Amino acid sequence: MSVHVGWLLKSYRRRNNLIQQQMATKIGVSREYYSRLERSIDQPSIDLLQKFSSVTGHYLEQFSVMNKCFKHDDEITAMCELCTLLHNNDRREIVRIMKCMLEKKVMV
């Protein structure tokens, strides 16, 4: 995956006023391991991503689309942080557009 899964975990946790232990419990891992995921030291398995998806409402396709887009660019990261404030339907539409653009190789 990449640093972006960690960013999503942390973003969701903060938006929902959770501490790391609470989030770790929700997805069924230790707080120590969760911290490593959030800092992108470890990468989650597909099974763990599915648990995260069911807890947060983020879809697995969002992870793959964002992983292709991000290149550790601060501007993109800032824009994606703003996207977390959008309604779920709006976020899904942005992901759909990004996925379409990637498939057409419009994005570099």
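List the residues whose amide H sits under 5 Å from the amide H of ASP42, counting only those 5 or more places along or on another chain, with H placed 1.01 Å from N in the peptide plane.
Result for ASP42 returns LEU37.
Just rank LEU9, LEU18, fewest to most, by other beta-carbon atoms within 10 angstrom.
LEU18, LEU9
Going by C-beta contacts inside 10 Å, put ASP90, ASP42 in order with the fewest on the left.
ASP90, ASP42
Neighbouring Cβ atoms within 10 Å as the yardstick, rank SER35, SER45, SER40 fewest first.
SER45, SER40, SER35
I need the calculated FRET efficiency for the pair LYS51 and ASN17, taking r as the beta carbon distance and R₀ as 25 Å, to the nearest 0.05.
0.80
Every number in this text was worked out from the coordinates using simple rules, so none of it is lab data. The structure presented is a predicted model; accordingly, all values stated were derived computationally and were not measured. Glycine also receives a Cβ, built like all others from the backbone with ideal geometry; neighbour counts cover every protein chain displayed.
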